[in-house]
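For reference, the structure is listed below as structure tokens.
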Amino acid sequence: MPRFAKGAIPSPNIWNTPQIYELENRAVDPEGLADAAMTAVRPLTGATVVDIGCGSGYHLPSLSARAARVIGVEPHDDLVELARSRCRALPNV
């Protein structure tokens, strides 16, 4: 049984099938248009970025390449462990 923070609402596209979420992320924006749009609003260089509901941490490495600091927030303990594993070598995450 997954462990999660009290009051957290399960996200149907990741909590039970994180491997599918990874595929969705790779497929949804292969050209990086969403990232470009966010950067146009606020450049990440030198910024502190908070990814609320970071899931398995899919976006954290790319954010950390430009931001000074990246904070991932996730209520699902199993996904937190995946995110930690993914970002273990990134000192600014």
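Summary of values
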| read-out | value |
| --- | --- |
| Close pairs from the stretch 46-74: first basic (Lys, Arg), partner part of a loop (DSSP other than H, G, I, E, B), Cβ under 7 Å, at least 6 apart | Arg66/Leu44; Arg66/Thr45; Arg69/Asn92 |
| Candidate set: the stretch 33-60, residues that are part of a loop (DSSP other than H, G, I, E, B) and more than 24 Å from Ser85 (Cβ to Cβ); chosen: the one least open to solvent (accessible area, probe 1.4 Å) | Ala47 |
| Hits in the stretch 11-32 - residues which are of a type outside the set (Phe, Trp, Tyr) and either in contact (Cβ under 8 Å) with a residue 24 or more places away in the chain or outside any loop (DSSP other than H, G, I, E, B) (or both) | Ser11, Ile14, Pro18, Gln19, Ile20, Glu22, Leu23, Glu24, Asn25, Arg26, Ala27, Val28 |
| Condition met for Ala36 (in contact with a strand residue (DSSP E or B) (Cβ under 7 Å, 6 or more places away or on another chain) and modelled with pLDDT of 90 or more) | no |
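For (1) in contact with a Pro (Cβ under 8 Å, 6 or more places away or on another chain); (2) farther than 24 Å from Lys6 by Cα, each residue gets a yes or a no:
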site: Ala47; (1), (2): no, yes
site: Ile52; (1), (2): no, no
site: His59; (1), (2): no, yes
site: Leu63; (1), (2): no, yes
site: Arg86; (1), (2): yes, yes
site: Ala89; (1), (2): no, yes
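The values are calculated or read from the model by the stated rules, or taken from the named source; none is laboratory data. Bear in mind that the values here come from a model prediction, so they are computed numbers and not experimental data. Cβ atoms come from the backbone with ideal geometry, glycine included; neighbour counts cover every protein chain shown. Note: areas computed on protein heavy atoms with side chains; ligands, DNA, RNA excluded. Shrake-Rupley method; radii C 1.70, N 1.55, O 1.52, S 1.80 Å.
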